[in-house]
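Asks: Questions regarding the structure given below will be posed in turn.
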Amino acid sequence: MSVTIFKTLITISIVLLSFGVKTQAQNANVTVNQDEKIAKLLDVKKQINKKNYNFTIQIFKGNVDKASATLTVYQKLFTQWRATIEYGNPDRKIWAGKFLTRLNAERALIKIKKQFNDAFIVPLR
């Protein structure tokens with residue numbers, strides 16, 4: 001036999017034998033004992049997250065170019081409250097943050113007004 005035929009037969013034999021080997025894995029069962037209060041707490045959290053936001057802060061109203069520039073400035077100064085440009089005809093508004101309570105909105109407004117004097121709270125409907 002030539003060397004190449006011998007190598008080919010050995011390779012084929014190894015491949016065929018590897019398919020014939022049965023693999024064995026470990027099986028385990030895990031039992032988790034969880035307090036019922038955890039499930040209730042998760043349900044309460046889900047309900048809180050479903051609530052609609054009631055307030056936002058308007059920091060600008062004007063043309064598109066100034067709105068984009070103002071948004072850029074805002075995003076550099078305030079990272080804790082996300083701001084978006086709301087489209088109206090013909091002006092654009094920049095709304096910052098979404099707040100469940102007016103108290104939270106007023107706390108944010110105090111900080112934002114230091115940079116944007118004309119900012120005010122807008123109730124969301």
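Asks: Go through the range 30-79 and count every residue that is part of a loop (DSSP other than H, G, I, E, B) and without any contact (Cβ under 8 Å) to a residue 40 or more places away in the chain.
Replies: Residues meeting the conditions: 9.
Asks: Just to be sure, is ALA96 closer than 15 Å to VAL122 by Cβ, part of a strand (DSSP E or B), out of contact with any Pro (no Cβ under 8 Å at 6 or more places or on another chain) and not β-branched (Val, Ile, Thr)?
Replies: Answer is yes for this residue.
Asks: Quick test for you: out of TYR53, TYR74, pick the one residue that is modelled with pLDDT of 95 or more and either surrounded by 10 or more Cβ atoms within 10 Å (Cβ to Cβ) or of a type in the set (A, V, I, L, M, F, W, C) (or both).
Replies: After applying the criteria, what remains is TYR74.
Asks: Would you mention how many residues in the range 77-125 are over 25 Å from the mean Cα position of the chain (by Cα), surrounded by 15 or more Cβ atoms within 10 Å (Cβ to Cβ) and among the small types (Gly, Ala, Ser)?
Replies: Summing the residues that are over 25 Å from the mean Cα position of the chain (by Cα), surrounded by 15 or more Cβ atoms within 10 Å (Cβ to Cβ) and among the small types (Gly, Ala, Ser) in the range 77-125 gives 1.
Asks: May I pose another question? Give me the pairs, please: first residue somewhere in the range 104-116 and within 15 Å of LEU71 (Cα to Cα) and free of Cβ contacts under 8 Å to residues at least 60 places away in the same chain, second residue anywhere and assigned to a helix (DSSP H, G or I) and of a type outside the set (Val, Ile, Thr), beta-carbon distance under 7 Å, and either six or more positions apart or on two chains.
Replies: From the range 104-116, the pairs are GLN115/LEU77.
The values are calculated or read from the model by the stated rules, or taken from the named source; none is laboratory data. Predicted model, so just to flag it, every value in this text is computed and none were measured. Please note: Cβ atoms are built from the backbone with ideal geometry, for glycine as well, and neighbour counts cover all protein chains shown.
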